[in-house]
1. Return yes when B:Phe68 is of a type in the set (Phe, Trp, Tyr) and either touching a Leu at 6+ places or on another chain (Cβ under 9 Å) or farther than 28 Å from A:Arg42 by Cα (or both) and no when it is not.
2. Does A:Arg108 count as of a type in the set (Lys, Arg) and touching a strand residue (DSSP E or B) at 6+ places or on another chain (Cβ under 6 Å)?
3. Looking at B:Ala142, is it under 22 Å from B:Met7 (Cα atoms), buried (at least 17 other Cβ atoms within 10 Å of the Cβ) and at pLDDT 95 or above?
4. If a residue has to be part of a loop (DSSP other than H, G, I, E, B) and in contact with an Asp or Glu (Cβ under 8 Å, 6 or more places away or on another chain) to count, how many in the stretch A:48-73 make the cut?
5. Across the stretch B:21-36, what is the number of residues that are in contact with a strand residue (DSSP E or B) (Cβ under 8 Å, 6 or more places away or on another chain), in a strand (DSSP E or B) and farther than 10 Å from A:Ala142 by Cβ?
6. Can you pull out every residue in the stretch A:80-92 that is over 20 Å from A:Arg63 (Cα atoms) and facing chain B (nearest Cβ under 7 Å)?
7. Take the residues of the stretch A:2-31 that are more than 12 Å from A:Ile75 (Cβ to Cβ) and touching a Lys or Arg at 6+ places or on another chain (Cβ under 8 Å): which is surrounded by the fewest Cβ atoms within 10 Å (Cβ to Cβ)?
8. If I ask for residues that are at the interface with chain A (Cβ under 7 Å from one of its Cβ atoms) and either of a type in the set (D, E, K, R) or over 30 Å from A:Ser14 (Cα atoms) (or both), which ones from the stretch B:113-128 would you list?
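The values are calculated or read from the model by the stated rules, or taken from the named source; none is laboratory data. If you're wondering where the values come from, they're calculated on a predicted model, not measured in any experiment. Note: ideal-geometry Cβ built from the backbone for every residue, glycine included; neighbour counts use all protein chains shown.
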2 protein chains.
Amino acid sequence: MTKEELMRRAVALSEENVKKGGGPFGAVIAKDGEIIAEGTNRVTANNDPTAHAEMEAIRAASRCLKTFDLSGCEIYTSCEPCPMCLGAIYWAHIDRMYYGNGKKDAARIGFDDAFIYEELGRIPEKRRLRSEVMLSGEAGKAFLMWEEKADKVKY
Amino acid sequence: MTKEELMRRAVALSEENVKKGGGPFGAVIAKDGEIIAEGTNRVTANNDPTAHAEMEAIRAASRCLKTFDLSGCEIYTSCEPCPMCLGAIYWAHIDRMYYGNGKKDAARIGFDDAFIYEELGRIPEKRRLRSEVMLSGEAGKAFLMWEEKADKVKY
């Protein structure tokens, strides 16, 4: 499939999802021009705040390819990913991203993407979300255990 | 349970997870001082790059409370959340966050948290991840459909 055909599929998924009562977002993950997995926004349908279209597509692609490393894959998403989804794209080592709508378009119809990008750029003390560091000394032990583990599976 | 007890549980989960072969991360979601859900890093165990401890805890709490809105809940996590998880904490409307290790500690033992924070702060053209805007006009239709939908469930 061509790039345009792959993006049109992501866009079609976003429209179908609105008809089904979900958010206006769709995503496709492709490898060598073929679709590996698709995702739509299932936040309200599944009671899962993490179930954005890109997350659903990444999880499905990982299940399909039986790996947590999606190197060699590309993501086509109907809208610029929010920080959660963009973070997931990095963790999954996806090679390249294509998107249709921008985060400002998403903000205009009531989605918090742009706000969350701003929040993440602030130091913790300046964020709307209150946070507190606790028991750092005790928490460090698991990191030492990880460092010393000879047979760890890195990701 | 006290704040310290809740954080100690998150820390204990992080240590147990290293022993089980997973990443050194644990998280707990609490409401009114009681644990609603727990999570550990399952990336390699489940072949799911999105299965960080906080994500697993948020998904479990949402399943438990049967809602995508975790207002009134707090998250205790053994390490400062990466952008993916922090984004999810915002989307879930969690009230407050407590964490032990910092993102620089995570970077020191080989995790990409700090790098991903830097990447998200850059404009798309300056990021390591290559990206491209495509078919914006066509992608906009789903947003119009969403705006015009009278019975939509907002999130």
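1. Numbers: of a type in the set (Phe, Trp, Tyr): yes; either touching a Leu at 6+ places or on another chain (Cβ under 9 Å) or farther than 28 Å from A:Arg42 by Cα (or both): no.
No; evaluated as a whole, the condition is false for this residue.
2. Values: of a type in the set (Lys, Arg): yes; touching a strand residue (DSSP E or B) at 6+ places or on another chain (Cβ under 6 Å): no.
Here the answer is no, as A:Arg108 does not meet what is asked.
3. Working: under 22 Å from B:Met7 (Cα atoms): no; buried (at least 17 other Cβ atoms within 10 Å of the Cβ): yes; at pLDDT 95 or above: yes.
Taking the combined requirement at face value, the residue does not satisfy it.
4. First pass over the stretch A:48-73, keeping only residues part of a loop (DSSP other than H, G, I, E, B): A:48-52, A:66-72.
Filter once more, keeping what is in contact with an Asp or Glu (Cβ under 8 Å, 6 or more places away or on another chain): A:49, A:68, A:71-72.
So the answer is 4.
5. Total satisfying the criteria: 7.
6. A:Cys82, A:Pro83 - these are the residues of the stretch A:80-92 that are over 20 Å from A:Arg63 (Cα atoms) and facing chain B (nearest Cβ under 7 Å).
7. Looking at residues that are more than 12 Å from A:Ile75 (Cβ to Cβ) and touching a Lys or Arg at 6+ places or on another chain (Cβ under 8 Å), I get A:Gly21.
8. The one that is at the interface with chain A (Cβ under 7 Å from one of its Cβ atoms) and either of a type in the set (D, E, K, R) or over 30 Å from A:Ser14 (Cα atoms) (or both): B:Glu119.
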